[in-house]
Each structure stands twice: as structure tokens, then as C-alpha cells.
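In what follows, a single structure is set out as C-alpha cells and then discussed.
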Amino acid sequence: MRSSNPVFSRRGFSRDNGYAGFNTAPQAGGAAVGTQGNPYAQPQANPYATNPYAQDLQQGAPPQAPVTTGRMTMDDVVMRTGTTLGVLIVTAALSWALLPVDDANISRSYGIGIGAALIGMVLALVQSFKRKATPALIVSYAAFEGVFLGVISSIVDNRIASGAAMQAVIGTLAVFVAVLVAYKAGWIRVNRRFYGFVMAATLGFLLLMVVNMLFAVFGGGDGLGFRSGGLGILFGVIGVLLGACFLALDFKQVEDGIAYGAPKEEAWLAAFGLTLTLVWIYMEFLRLVAILNSSD
């Protein structure tokens, strides 16, 4: 199974990644499971039946051995995600407190924030193209991303809309809980159609944002206006909805990784992917709050 999340699709939790006999078990008719090209198709039989630590997906049986064999568990994902988000929150709080955004210091603080964002982006790209998770890279990304979020949140909160950061945090948590509940309840079905829709919508969204940025750089102003006024609000809502869709894809990847016996170190990839998605949703909420207050 492949994910739209570049972190997961590069290596994590795919049936052809060589772990636990992925994509090797034949069906009754002799064809290998997962060879039809559908990244979200449910197998007719457990393709990992030869792996004593993978669950029987057809019968829903528990693993045949205690989870002490280096296989990823939900506890691993929760702990790694908590660590990554914890580092991000701490550095965001420190940058908020130590990098003032008053008239005399805003240029310096903003420059530090943008520099941290660029370093974080480079670290994220490096990790995304690595075949295995590197905890040091992931934690470093979280630290630098936290510096950027702390500065940009402080600017919006202090100079545009008081309380914007807290509203964005609450909005992000609300989306996370809502998607998790909907996913566990079966209201969101992550299948090939869902995957294709999310990928197509995201590609279109990103292309429009790039075009808007180019118009803003070379034409001045706000480009085509996709990030201000009524259009800005519309695209902000679309951004949040797309982030919610990516959360559902991430939950599916984690669930399948555990069931298919993914190695324990891939919990760091899960944490990294979830962190990327949550940062995206938070930034869209922060932008929405800023637009709504600037239009008052």
C-alpha cells in the first residue's frame, strides 16, 4: 500500500518494501496479492500469513506472538508522535517568548523564523527521500519548524488578531479528533477512489498556490488574491479539508503498517507524516483567522 504522504510513499508501510514477506503470498488462483495496482484494495487473503507476527487480516485474529520482536505497535506510533510534537511545541513556545515581534525587533525575529522554516524544509525533504527513518532528522525538523511556527504565530497573534494562535490550535485539535472518530467509526472509507480524489485535489490546490505566489512575486500585491479576502477564506477552508483528508490517509497507513508487521523504526515515519499534516492544518487555520480579522 502506498500513501499520498511523501514520507510514507517513499518507504513506509508498502507491500513491496520487503518486510514480512510483503506482496509474495499467492492467492488461491495463484496470483500474488496486491498486484492489481490498487493501493487501497483489501486483500482476499492475508498476504503475510508466513509472518508469525502479522495479524490475520481476513479472520481478525491477534498476532501469534508477543509484540516484542521489533514490529511496530500503536504505542510506538503514539510515543514517537508525542516526542516529535513535544519538541515542536517546546521550540515554538521558546521562540514566541524569546523572539519579540515589536516594531524594533520584528525584522530580526521574522528573519530567524524564515531561516528556521527553510532549514526545516530541507530536513523534511532529506528525510522524505531517505529509505529509512532517521530520528535525529525528524526531531531536528520538528525543532526548526517549531521556531518558525512560534514566530509566525506571535506575529499574527500580536499584530493582526489577538488569540489567533489559540484558535488555530483548537481548530487543529478539533479536526484531528473529528477525523479520527470518523475514521474509526467507518464514516471515512480510505479506498482507491478516495486516494485519487485527494491526490487530484491536492495537485490542483498546490498548482494554484504556486501560480498565485509567482504573480505576487513578479506582479506585486497579493497575486491573484487566493490568499486574501473571500477567495482567501475559500482556499483556506479547502486547505483545511485537504489536510483532514491527509489525516485519514495517515491513519490508514498506520493501521495497515501495524497489521502487516512493519518494523518498529517505521513508527518514526508515521510520527513524521502526522506532524507534517498537523502543521499544514494549523497554518491553514492561522491564515484563516488572520484573513477574517483583517477583513473586519
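Observations on the model:
- Test: residue in the stretch 166-187 that is at pLDDT below 95, surrounded by 13 or more Cβ atoms within 10 Å (Cβ to Cβ) and hydrophobic (A, V, I, L, M, F, W, C): no
- Restricting the stretch 150-164 to residues that are open to solvent by 10 Å² or more (accessible area, probe 1.4 Å) and in a helix (DSSP H, G or I), the residue that is farthest from ALA93 (Cα to Cα): ARG159
- Taking the criterion of being more than 15 Å from LEU241 (Cα to Cα) and surrounded by 11 or more Cβ atoms within 10 Å (Cβ to Cβ), the residues of the stretch 197-219 that qualify are LEU208, MET209, VAL211, ASN212, MET213, LEU214, PHE215, ALA216.
- Residue count for the stretch 70-88 satisfying the condition of being open to solvent by 30 Å² or more (accessible area, probe 1.4 Å) and in contact with a Gly (Cβ under 6 Å, 6 or more places away or on another chain): 1.
- Number of positions in the stretch 87-144 that are within 21 Å of LEU269 (Cα to Cα) and assigned to a loop (DSSP other than H, G, I, E, B): 6
- Within the stretch 127-149, the set of residues being open to solvent by less than 30 Å² (accessible area, probe 1.4 Å) and of a type in the set (D, E, K, R) comprises GLU145 only.
- Residue match in the stretch 128-139 (condition: under 20 Å from CYS245 (Cβ atoms) and in contact with a Phe, Trp or Tyr (Cβ under 9 Å, 6 or more places away or on another chain)): yes
The values are calculated or read from the model by the stated rules, or taken from the named source; none is laboratory data. This one's a predicted model, so the numbers in the text were calculated from it and none came from an experiment. Positions of Cβ are generated from backbone atoms using ideal geometry, with glycine treated the same way; all protein chains shown enter the neighbour counts. Ligands, DNA and RNA are excluded from the accessible area calculation, which covers all protein heavy atoms including side chains. Shrake-Rupley method; radii C 1.70, N 1.55, O 1.52, S 1.80 Å.
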